[in-house]
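Heads up: the structure comes next, in structure tokens.
Please treat every number below as a calculation from the coordinates, not as lab data. Quantities reported herein were computed from a predicted structural model and do not represent experimental measurements. Cβ: placed from backbone, ideal geometry, glycine included. Neighbour counts: every protein chain shown.
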Amino acid sequence: MPRPSIRATAWTAILVLAVAGSALALDYSVFNQHPDVTRIADGAWQVHDMSRPWPPSATPKPWAELEQGTKPPSGARILFDGTNLDAWNVPQPWILEQGVLQVRPVNTSLSSKDSFGSCHLHLEWRTPPESTKKSGQDRGNSGVFLMSTYEIQVLDTYENKTYPDGMAAALYGVKPPDFNALRPTGEWQCYDIWFKRPVFDDSGKMTSPACVTVMVNGVIVQKNVPFDGPSSHKKRCPYQKHADARPLMLQNHNEVVEFRNIWIQPLSDDAVLSPAGLVGIDK
């Protein structure tokens, strides 16, 4: 039976050291265990706990300030620029219409033809104005699955409450964002995600967890936060060894969501996981 005090202590230590960019050797075996559905996510809250505090709002930066950062840097792979879907395996009903990639209500997700590990991913998404007729997890639900495994939630949570670890920019089921920085429904949202892949030893044991920094509309909302295993719904899953690079996946969750300007820049495992020049963001 899992021991909550040991798990909570280990999780807290790992999170603090990840944020600080510590080079200390840690025992990550805690992440390889399989807690049950009711286990706490980060030492304080159960998975999808509706009593968990909702993060404060933050003002999105104007698009004029974000424009330069939305352009792909040298070496980036263009996954979608509004002209074609050549970089993707495209099932129905994902379509290209008026320069926008649209997903419509059928449960088939979209995956990139190429595989990626550690990276900087940029994408922009929006939900239609009529999405306000719905609420909770039914309003513009999708997800960005790094390595087809580790999810950053896409959801219209502008004036729309749900369980905090399932709101926009959450590490799904693990940690809400530090701020809710979404624009109003119907406007384009901007995600920048810096992701470090997990590392496994020869026996298949995870020795360094997947880790992510997320910026939403110019606001840092997750800072060097580790995943505690593959993303799943209402349960905690253990790490399982996989390839060093896997396809990027965009989720179809039976809701209309649109995407544009998707590019990805591969990074080395020890590369900076946050944008250069932003004060207070660690390497």
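Residues whose amide H comes within less than 5 Å of that of ARG77, counting only those at least five positions distant or on another chain, are ILE264, GLN265 (H built at 1.01 Å from N in the peptide plane).
Which of PHE179, PHE145 comes first, and how do the rest follow, when ranked by fewest Cβ neighbours within 10 Å?
Numbers: PHE179 19, PHE145 22.
Exposure proxy ranking, most exposed first: PHE179, PHE145.
Label positions at GLN92 and MET50, each projected 7 Å from the Cα along the C-beta direction, are separated by 3.7 nm.
For the pair GLN102 and GLN68, what calculated FRET efficiency results from E = 1/(1 + (r/R0)^6), where r is the Cβ-Cβ distance and R0 = 41 Å, to the nearest 0.05?
Working: r = 27 Å, r/R0 = 0.65.
Computed FRET efficiency for GLN68 and GLN102: 0.95.
Relative to the current alpha-carbon distance between ASN254 and CYS237, full extension at 0.36 nm per residue lengthens the span by 3.7 nm.
Could you calculate the FRET efficiency of ALA245 with SER203 from 1/(1 + (r/R0)^6), where r is the beta carbon distance between them and R0 is 22 Å, rounded to 0.05?
Values: r = 21 Å, r/R0 = 0.94.
Efficiency, rounded to the nearest 0.05: 0.60.
Using only side-chain charges placed at the Cβ, +1 for Lys and Arg and -1 for Asp and Glu, the dipole size of segment 170-244 relative to its Cα centre rounds to 260 debye. With the charge dipole of segment 89-215 set up from +1 on Lys and Arg Cβ and -1 on Asp and Glu Cβ about the Cα centre, the Cα lying farthest toward the positive end among the listed residues CYS190, THR213, THR132 is that of THR132.
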